[in-house]
Amino acid sequence: MDGDQQILASAGVLRCAVDGDGRLHPDPAAAHRFGLRESQQFFRWLRGVCGIFRKPIFQFVRAVRKEREAETTLTLKGDFGELRNVRILARARSAPLDRTVFELVAIDVTSEHAEIELLRRSMENLRLIVEYNPQLPWIADAEGRIIDFTDRWLESSGLERDEAEGSGWLSATHPDDIEPVTRRVAQSHATGEPFDVRVRLMVNDQYRWMRAQAYPRRDEEGRIIRWYGYTEDIHESVLIEEQMRWNAEHDSLTELPNRAMFNACLDKALAKALTEFRKVGVFLLDIDNFKDVNDLMGHHAGDDLLKSFASRLKDIFAGDGVVARLGGDEFAILIENVESRQQLADLANRVLTIRETLFAAGRSLECGVSIGVAAFPEDGRVATELLRHADLALYRAKSLGRGRMQMFEQSLLEDMQERVAMINRARTAVRDGTIISYYQPKVSLQTGELVGFEALLRWRDSCGTIRSPAEIYAAFDDHDVADMIGQTMTSQVFADMAAWRARGLPVGHVAINVSSAELRRERFAGRLIETMDRYSIAPDSIEIEITEGVFLGAASDTVRRSIDELHMCNIPLALDDFGTGFASLSHLRSLPVSTLKIDRSFVSGVTARESDGAIVSALVTLGRALNMKVVAEGVEEADQSIRLREMGCDYAQGFYFGRPAPSENIPALIQSWGENSAIVTLNRRAAAWPPPGIRGESRTGSRSA
């Protein structure tokens, strides 16, 4: 192989001639590459070519004969049997004896074809990616005008190509989005930063949420020459996101804003009011008797009531305030641009007109609202303070009888601080063991006999002074503290009873006040029985006193279950302060009560006011008709005891018969009773009664008072 042939061979160029007799004369490189032999007959070589490659060769030969010159690409087998792509240029020329000879130049383009095929496949893959990718690419010039995009981008926008080019795509943009989108694009153009925006585009006659992102391409001098971006349909995800956000900010039952959204609105309103020197009002309100609706009529009725109140609140404050449901039956209202406190009072009075009467189990339930009101800035300068003060006002409104409005006053904060102090005093008394049981005699009005006692709460302060429960009454609103006090009292009373019994004293039965906090505890009855067993106390030697208030608030089902368990254990139940509570007759009918206690507010006027006398007489008659014992509380005069006996009242207690006394005084009281009681005690006050040293230090009649 000469030098020229080597150069050509290294470049992949192969030469071959075909003489007039059809014999091949390849150069060595061609012979080696395609298995050609010198002077080999062309058609003999052709028979060795794979059948599928022969036809293109024949077509090429005919073309050369006809055109005298031709060019094509053929696929041939190499010397190792591999397929190779060969670009062939052939020229025919005449030879003596009317023969034709051919000169061929072949270039091996296998590598180039492989690269082209790879490129083709890459382009196809890119095409498929673009075709099936939800992200639709586009190109814009340096000014942000669209200059190229895919067909699918056009389909998604609903525009024709000439309409979409430049800034025409804005015609498919939601009017509310045009200004923010163009502002963001202009900002990116000025700063050269990528942009990422959400925009609503018209697609098939409806707006859909799209996401558009673009990145700049710069020239060598750093100038932006193109924007490469894509648009993606995110409509479904935006709808899901909006629904999730709505769910996170709203109450699903009433569709009102929830606590989180209300707090956010309040923070925003206060920030605005602070800069504009405006007033803001906050209402907190509860639905009165809502718990009874749920208990008597079911939660579906409670839900309907909540939706009805929510609808009416929205009607009252349509466009003028934010109405929210904070949870349960608690609603909140935010009012901006308040002119005066009187304006808030007028609005609150409008809310008080919302009332609904429901009927269930033979009784009517009047459902109104109680409202607490606080105003910015005079009642609080931050949201938490404003809400806390509105809550204090609501607490006062409910404590005054419900169905009313209360504006926040500084005295409410002082009351709250006093309640906290009371709870702390009670905690300290429990911790230090200074809770004390006092006992007040209970007397038969017919015989003058001492029939038992009522155990009353007292506590000793750090100076040793005996204090009444009135100074820690707020502790009974704290269920944990109230429960601890109750357990302490119960254990003390049972220990005292066991000690008196060991001395052979005829104690009779002892009444023990039980708070709602204790009855709301799981296993209250079980714990009580366990304590009774520890001191060997018989069920008929005690009496559990409750008020109708134990059924107000949450967990009334647990309260009823505890009462039923006490009844099953044959422990007598007394209804205290009868006639002063809510729906007394309904409770009297449904509870396993064996004793009625007439409240001192009626007994004090039994001889002075005809109305009080009539009420007491009716209550005594009712109790006897229901086969219940009747006890009159707060008897302080002989005339009262005589009148009560004439009415048929069974028992009485009060200062006339004896003040509450500590446990160590009770044995002497019992032993001396026969000398100071009898019928004379019922006719006039005995000057020496109670005996010296037996009088109690306080006039409070109930541990939970």
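Normalised by residue count, segment 196-319 yields a Cα convex hull volume of 214 Å³ per residue.
May I ask which of Lys55/Lys77; Lys268/Lys307; Lys442/Lys629; Lys291/Lys597 have a Cα-Cα span longer than 18 Å here? Please list the in-between numbers first.
Numbers: Lys55/Lys77 15 Å; Lys268/Lys307 27 Å; Lys442/Lys629 13 Å; Lys291/Lys597 26 Å.
With Cα atoms farther than 18 Å apart: Lys268/Lys307; Lys291/Lys597.
Calculated [222 nm] ellipticity per residue, helices only, for the chain: -13500 deg cm²/dmol; basis is -39500 (n - 2.57) per DSSP H run with n ≥ 4, divided by all residues, nearest 500.
To make sure I understand, if each residue's beta carbon is the centre and we count other beta carbons within 10 Å, what order do Glu236, Glu633 fall in, fewest to most? Please report the intermediate quantities before stating the final value.
Details: Glu236 10, Glu633 24.
The fewest-first ordering by Cβ neighbours comes to Glu236, Glu633.
Listing Cys367, Cys569, Cys463 from fewest to most neighbouring C-beta atoms within 10 Å gives Cys463, Cys569, Cys367.
Size descriptors for segment 286-333 (Cα atoms only): Rg and Dmax, in that order, 11.4, 36 Å. Start at zero, step by 10 Å, and the Cα-Cα distances of segment 250-408 spread as 11, 42, 34, 11, 2, 0 percent across the bins. Ranking of Leu519, Leu118, Leu573 by neighbouring Cβ atoms within 10 Å, starting from the fewest: Leu118, Leu573, Leu519. Look at where the Cα atoms of segment 89-115 and of segment 271-300 average out, and the two centres are 98 Å apart.
The chain: longest stretch without exposed chymotrypsin sites (Phe, Trp or Tyr not before Pro) (DSSP loop, at most 16 other Cβ within 10 Å), sites themselves excluded? Please list the in-between numbers first.
Details: sites that count: Phe80, Phe277, Phe582.
Of all site-free stretches, the longest is 278-581.
Based on C-alpha pairs under 8 angstrom that are at least 6 apart in sequence, the chain has a relative contact order of 7 percent. Expressed as a whole percent, the proportion of Cα-Cα pairs in the chain lying more than 45 Å apart is 56%. Per the Debye formula on identical point scatterers at the alpha carbon atoms of segment 503-544, with no solvent, log10 I(q)/I(0) at q = 0.16 Å⁻¹ is -0.48.
Extents of segment 374-453, taken as max minus min of Cα coordinates on every principal axis and listed largest first, are 65, 36, 14 Å.
Here the scattering of segment 449-683 is modelled by Debye summation over its C-alpha atoms, one equal scatterer each and no solvent; at q = 0.09, 0.17 Å⁻¹ the log10 of I(q)/I(0) is -0.39, -1.45. Panel values: segment 133-240, Kirkwood radius from alpha carbon pairs, Stokes-Einstein at 10 °C and 1.306 mPa s, translational diffusion coefficient 113 µm²/s.
Projected onto its three principal axes, the C-alpha set of segment 229-290 covers 52, 40, 11 Å, listed from the longest axis down.
Where a number appears in this text, it was derived from the coordinates with a stated rule and is not lab data. For clarity, every value in this text was computed on a predicted model and none was experimentally measured. Note that each Cβ is placed from the backbone with ideal geometry, even for glycine, and that neighbours are counted across all protein chains shown.
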